[in-house]
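The values are calculated or read from the model by the stated rules, or taken from the named source; none is laboratory data. Please read these numbers as outputs of a predicted model, since none were measured by experiment. FYI the Cβ positions are ideal-geometry reconstructions off the backbone, even for glycines, and counts take in every protein chain you see. With ligands, DNA and RNA removed, areas are computed over all heavy atoms of the protein, side chains included. Shrake-Rupley method; radii C 1.70, N 1.55, O 1.52, S 1.80 Å.
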Amino acid sequence: APRPRSVLLFTDAVTARQGGQLLSLDGAMAHCMSLNLPGRGLSDADAESMAATLLAELRRRFAEITAMRNRSSLLELSVRLEGNAIRDRGCAALCSALEKASGIAAVSKLDLRDNRIGDGGFRAVGRLLRNAKHALGDVRLSGNPASGDAAGDVLSAARARGTSCQAP
C-alpha cells in the first residue's frame, strides 16, 4: 500500500517565503513530525525564527496528542536543513530549541550538512547531544568549516550517547 503523504501542520513567515513548510505530519503517524527545508538558502535569522516557532509548535502538538490519547506520548522529530547558509548563531538557536523540547520530542535526525557552521555551532550541537533527555538518532554535520577540535567534541558527545554522527 502506498505510504500516506505528509500533511502540512503549520507554516511561518520564513517557510512561507521559501515555499515550504516548517513542520509536517509524517503520514498517519500523529507523533512523527519533520522540519524539511534543504537547500533553501536559509540564514541565521531564518533559523532563529524557525527555532522559536518550532519550540512553540512542538509544545502545542504534545499537549494536543497527550489530551487526545489521555496519556503522554513522546513526539519524534526529523530535522533536515542541509545545504543552507546557517552559521553558528542559527545553529545555536535550533539546538537550544531542541534541547528545551527534549522532554517531549526525540530527534531522530539532525541533518545540518553543508551549511556554514563553525566552532560555536558545533559546541551548541555538543551541548544538545550531552543534555537532551533522549539521545539523538542521527547527526550529520559534514561540509561545515568547524575545526577538528570542535568536530572531535561533537563526535565524543555522540559516542557517549550512542548517537550516529558524521562530522568533518
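Residue 117 satisfies every condition listed in (1) outside any loop (DSSP other than H, G, I, E, B); (2) open to solvent by less than 60 Å² (accessible area, probe 1.4 Å); (3) within 22 Å of residue 151 (Cα to Cα) except (1). For region 51-97, the candidate set comprises residues that are among the hydroxyl-bearing types (Ser, Thr, Tyr) and assigned to a loop (DSSP other than H, G, I, E, B); within that set, the residue that is surrounded by the most Cβ atoms within 10 Å (Cβ to Cβ) is 73. Would you confirm, using the coordinates I've provided, whether residue 130 is at pLDDT 95 or above, assigned to a helix (DSSP H, G or I), out of contact with any Gly (no Cβ under 7 Å at 6 or more places or on another chain) and open to solvent by 40 Å² or more (accessible area, probe 1.4 Å)? Yes. When you look at residue 94, is it in contact with an Asp or Glu (Cβ under 7 Å, 6 or more places away or on another chain), modelled with pLDDT of 90 or more and within 22 Å of residue 132 (Cβ to Cβ), yes or no? Spelling it out, it is not the case that residue 94 is in contact with an Asp or Glu (Cβ under 7 Å, 6 or more places away or on another chain), modelled with pLDDT of 90 or more and within 22 Å of residue 132 (Cβ to Cβ). For region 133-147, the condition of being open to solvent by 10 Å² or more (accessible area, probe 1.4 Å) and among the hydrophobic types (A, V, I, L, M, F, W, C) holds for at least one residue. When 109, 100 are screened for being open to solvent by 20 Å² or more (accessible area, probe 1.4 Å) and free of Cβ contacts under 8 Å to residues at least 40 places away in the same chain, only 109 passes. Taking region 119-147 as the range and being among the hydroxyl-bearing types (Ser, Thr, Tyr) and over 22 Å from residue 39 (Cα atoms) as the test, only 147 passes.
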